[in-house]
Amino acid sequence: MARTTPADTQGRNAAASFDRPLRLTARQDLVGYAGSLAGRALLFLVAASSVLAVLLIFTFIIKEAIPFFLEGGTLSATLGRLAEVFGSTQWYPEQDPPEFGMLSLLAGSFYVTFGAVVVAVPLGLLTAVCLSDIFPFSVRQVAKPVVELLAAIPSVAYGFFAVMIVAPWMQKHLGLASGTNALNASIILAVMAVPTIVSVSEDALTATGRSLREGSYALGATRSETLVRVVIPAAHNGIIAAVILGMMRAIGETMVVWMAAGNAAQIPSPWWDLAQSVRTMTATIAGEMGETVHGSPHYRALFTIGLILLVFMFVLNMVTEWLLGRMRHVGGRT
Amino acid sequence: MKAARTSIRVTGLLAVVAACLTAGAVFAAAGETLTVQGSTTVGPIADAFAEAFMRKNPNLAITVTKTGSGDGAKALVDGQCDVAAMSRFMKEKEFKAAAEKGFLPVAHVVAMDGVCAVVHPSNPVSELSTEQIQQMYMGKITNWKELGGVDQKIVPISRDTSSGTYEVMNERVMDGKKMAPGVEYVTSNPDKHKRVSTTPGAIGYVGLGFVDEKVKALKVNGVMPNRQTIASGRYPIARPLYLWTRNYPELGSLIYRFVTFHLSEEGQEIIEAKGFVPITNY
């Protein structure tokens, strides 16, 4: 680089050495500016590519799903389709004439997720509380990686375990006719959701900081009072986010429910009987996408299911992001 | 200077890795290839045929993918495979799609397959009629004691609609009627075998090749499924297994040899070994 120092700055010459000239020529200035602009544009494209990917996925799914509702051509046909999709429990897409009632699929996803959350949240939350506040730090060092190992097991292995071991166990010891049901799927999904819940809750609990706990002890509270009345309420944003993340894991899971839930497109009757076979949205898409003819109503119906799933997950994700943002703010982290 | 040297090293390493990968791909592409795609029932036959061919001629690369008869037909029409293995005849939609692409699909029957109604080995029931099976799947008969068995709830298990096995069941037994919503679904013959062998009240349907001592095959309309009854057509729920090609294959080409292998003694031995019924007697 040219080291031209103008005559009027000879005083500074001795004290410092600059790589750049102190006064740029017009050309150097413009080149530098263009270069920084190009660099920023490149970085923006790279960052935008992931956003673009999400937008493209949304566009593709919407493009394939919307014609499903517009098939009849008239407004009443569209409304009729909407009523059938959200009101009818009869899912017979390959019959003649086909029936596309998705209520039983939505109910199936709901049953399985609800069951998983009911089992996973107490388990996960208590584990997180133990790891952050009750056990010595050395136990936490060992236990946390082990819990996170559960998240690394492939879902097909879980599904196999559910069909070959949990299902016969249920048939023998609980006297059920069929071991592949909503209960089976809920238990396995709970095991899969626990590492997520433990990880995020534990981070939330730790982020509340020592000063909060010490202040509580200084005011005379016992350990349990501190935990229940001070720490957990302070971390409630992060804990709710953890629960929602665990729930998202459960809703989006395909392989396990396809193998463990039985796949009967029905709403259990009576409604509280989790020991009956159900079918989730994800399993329907996975099981039926292979055969359908491109562009047929069945194909579009499957994309509609995908759209419902996507919108639901998107909303949950937005809520989680907002809650996590608030958690970091409360905990003092940026 | 040091940064420049490291970056040269990294670039050189990447170039070497890329060269190795492309070299591997080039070597793999040498020699004739054949792709077979389709039914999980016909899959084992195609696998064994492929193995026999590749043993005699190591230069061949025959790949068999098992994703369902419907997928196989679509792949043949789209040009993604050379031979489609299907356990059912092609539908009108598929023929039309093929004609649009400029060819007519040709079926080669390689074996006969009996779709056997199977139950748990502990189930005392040993014989059913097609009407009874239909009623069970429609949810009209719900307990084994109505059929002379023990007091046990019936758990009907079916295949997903993309399966050729399901299609045969639909045609020969269900008569196109809807199955009850409470019927469970699995994705493949081995999965169904697993479910029926571990569930005392279950009834399912699998190809003859998947019947072993862990499940019990039932007589249907008084006929026990075995090789003779299936080949002669006495067993009601039997079907031919096909290999489909685009137009009739050129005589002597690899595709031709593959789809006529079942006529040879070795091919028929393979078919018998897989539990299916050869269509000719050598």
Packing-ranked peptide list from B:127-136, B:185-194, A:78-87, highest mean Cβ count within 10 angstrom first, is B:185-194, B:127-136, A:78-87
Amide H to amide H, which residues 5 or more places from B:Val155 or on other chains are under 5 Å from it, using H placed in the peptide plane?
B:Ala202, B:Ile203
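Peptide A:169-181: average number of partner chain Cβ atoms within 10 Å per residue?
4
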Nonlocal Lys pairs with alpha-carbon distance under 30 Å, the range B:35-115 (8 or more apart, or different chains)
12
Helix axis angle, A:75-87 relative to chain A longest principal axis, alpha carbon, degrees
80 degrees
Output the peptides A:253-263, A:44-54 sorted from most to least packed, where packing is the average of other Cβ atoms within 10 Å over each peptide's residues.
A:253-263, A:44-54
Got a sec to turn the phi values of the range A:56-66 into Karplus ³J(HN,Hα) couplings, 6.51 cos²θ - 1.76 cosθ + 1.60 with θ = phi - 60°, whole Hz, x for Gly and Pro?
5, 4, 4, 4, 4, 5, 5, 4, 7, 8, 4
Relative contact order [Cα under 8 Å, 6+ residues apart], the range A:13-166, whole percent:
8 percent
Computed D for the protein assembly as shown, Stokes-Einstein, Kirkwood radius over alpha-carbon pairs, 25 °C, 0.890 mPa s, to the nearest µm² per second, is 84 µm²/s
Here the relative contact order (percent) of chain A, from C-alpha pairs under 8 Å and at least 6 apart, is 22 percent
Give me, ordered by chain and number, the residues 5 or more places off B:Lys219 or on other chains with an amide H under 5 Å from its own placed amide H.
B:Glu127, B:Leu128
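Per residue of A:261-274, how many C-beta atoms from partner chains lie within 10 Å of its own C-beta, taken as a mean? Don't skip to the answer; put the middle values down first.
Working: counts 2, 8, 8, 11, 5, 5, 1, 1, 2, 0, 0, 0, 0, 0.
Partner Cβ neighbours, averaged per residue: 3.
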Taking 24 Å as the cut-off for C-alpha to C-alpha distance, list the pairs among A:Lys63/B:Lys178; B:Lys153/B:Lys194; B:Lys192/B:Lys216 that go past it.
A:Lys63/B:Lys178
Relative contact order (percent, whole number), the range A:105-282, Cα cutoff 8 Å, 6+ residue spacing
38 percent
Karplus-derived 3J(HN,Hα), 6.51/-1.76/1.60, for each residue of the range A:94-101, Hz, glycine and proline x
9, 6, 10, x, x, 10, 10, x
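Using only alpha carbon positions, build the gyration tensor of chain A, then give the equivalent ellipsoid semi-axes as the square roots of 5 times its eigenvalues, largest first, whole angstrom.
Working: eigenvalues 489, 248, 60 Å².
Computed over chain A, the values are 49, 35, 17 Å.
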Measure out, as a whole number of angstrom, how far apart the alpha-carbon centroids of the range B:232-282 and the range A:242-275 sit.
42 Å
For chain A, set up a GNM with springs between Cα atoms under 10 Å and report which of A:Ile251, A:Ile153, A:Ile66 has the largest fluctuation.
A:Ile153
What is the distance in Å between the Cα centres of the range B:59-132 and the range A:205-221?
67 Å
With each run of n ≥ 4 DSSP H residues scored as -39500 (n - 2.57), what mean residue ellipticity at 222 nm is computed for chain A after dividing by its residue count and rounding to the nearest 500 deg cm²/dmol?
-22000 deg cm²/dmol
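Please sort A:182-188, A:123-129 by packing, taking for each peptide the average over its residues of neighbouring beta carbons within 10 angstrom, highest first.
Numbers: A:182-188: 26.6, A:123-129: 20.9.
In decreasing order of mean packing, A:182-188, A:123-129 become A:182-188, A:123-129.
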Per-residue Cβ counts within 10 Å, from other chains only, averaged over B:69-78: what number is that?
2
Under 5 Å, built H, 5+ apart or other chain: amide partners of B:Lys178
none
Using the Karplus curve 6.51 cos²θ - 1.76 cosθ + 1.60 with θ = phi - 60°, what ³J(HN,Hα) values do you get for each residue of the range A:177-182, in whole Hz, with x for Gly and Pro?
5, 10, x, 9, 8, 4
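Read the figures in this text as sums done on the coordinates, not as results from a lab. In this text, all values refer to a predicted model and were calculated from it rather than measured experimentally. Note that we place each Cβ from the backbone using ideal geometry, even for glycine, and neighbour counts take in every protein chain shown.
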